[in-house]
Amino acid sequence: MIRFFAIGLFFVTLMMALFASGVDALGLVPHDGAVLAPRLIGEGIVGWRLGVGTWLLEACGLVALFLLAQGRCLAWWLDGVIAGCLAWIFRGPLLVVTIVIAAGQPQAPWWRLAFGWLLLYVACGLVLAILARHSSMPHPRSERPWLPG
């Protein structure tokens with residue numbers, strides 16, 4: 001399980017870094033205020049270590065959430081989708097509402113970014129489901145034969 005956690009952490013962090021780079025390269029980052037970490041990192045205000053640390057923290061939470069959800073859904077791939085959607089609730093709508101209310105930012109660009117995060121988190125969950133399916137880690141459902149599937 002530790003090997004799966006390390007490999008999953010690597011792949012999810014890589015996907016988050018690529019997503020952040022793509023959003024920045026395409027100019028999809030809201031530029032109405034300095035409240036978004038990638039914008040601060042891009043301007044050199046905050047060191048790159050904070051960005052990498054944030055991605056590692058998010059990836060760690062997503063892998064842990066996937067391990068909690070694994071084997072509790074009807075299909076192996078649904079474990080990843082559910083974990084991604086649950087994690088997105090905190091990164092998407094909750095963060096947008098906080099930014100819009102606390103910082104007084106316009107809603108539209110943040111909601112577009114939040115739906116991009118939804119795609120990212122679901123993709124990360126699916127990658128974790130694929131990794132878990134092809135790893136030597138025992139599936140939790142095999143330990144409970146009374147569950148269907």
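Of all the numbered requirements in (1) assigned to a helix (DSSP H, G or I); (2) charged (D, E, K, R); (3) at pLDDT below 90, residue 32 misses one, and that requirement is (1).
Applying the condition of being assigned to a helix (DSSP H, G or I) and of a type outside the set (A, V, I, L, M, F, W, C) to segment 77-92 and asking which residue is surrounded by the fewest Cβ atoms within 10 Å (Cβ to Cβ) yields 91. Is one or more of the residues making up segment 93-115 assigned to a helix (DSSP H, G or I), small (Gly, Ala, Ser) and surrounded by 16 or more Cβ atoms within 10 Å (Cβ to Cβ)? Yes, that holds for at least one residue. Would you say residue 47 is more than 18 Å from residue 4 (Cβ to Cβ), small (Gly, Ala, Ser) and at pLDDT below 90? Spelling it out, residue 47 is indeed more than 18 Å from residue 4 (Cβ to Cβ), small (Gly, Ala, Ser) and at pLDDT below 90.
Go through segment 58-76 and give me each residue that's part of a helix (DSSP H, G or I), of a type outside the set (Gly, Ala, Ser) and surrounded by 15 or more Cβ atoms within 10 Å (Cβ to Cβ).
Narrowing segment 58-76 to residues part of a helix (DSSP H, G or I): 58-69, 76.
Right, trim to of a type outside the set (Gly, Ala, Ser) and you get 58, 60, 62-63, 65-68, 76.
Across segment 58-76, the qualifying residues are 58, 60, 62, 63, 65, 66, 67, 76.
Give me the residue from segment 95-122 that is out of contact with any helix residue (DSSP H, G or I) (no Cβ under 6 Å at 6 or more places or on another chain) and not hydrophobic (A, V, I, L, M, F, W, C) and, out of that set, modelled with the highest pLDDT. Out of the qualifying residues, it is 116.
Considering each of 83, 59, 64, 87 in turn, give the residue that is modelled with pLDDT of 90 or more, touching an Asp or Glu at 6+ places or on another chain (Cβ under 9 Å) and small (Gly, Ala, Ser).
Values: 83 fails: touching an Asp or Glu at 6+ places or on another chain (Cβ under 9 Å); 59 fails: touching an Asp or Glu at 6+ places or on another chain (Cβ under 9 Å); 64 fails: touching an Asp or Glu at 6+ places or on another chain (Cβ under 9 Å).
After applying the criteria, what remains is 87.
Take residue 41 and tell me if it is closer than 19 Å to residue 16 by Cβ, modelled with pLDDT under 80 and part of a helix (DSSP H, G or I). Taking the combined requirement at face value, the residue satisfies it.
The values are calculated or read from the model by the stated rules, or taken from the named source; none is laboratory data. In this text, all values refer to a predicted model and were calculated from it rather than measured experimentally. Reconstructed Cβ throughout: ideal geometry from the backbone, glycine too, with neighbour counts over all protein chains shown.
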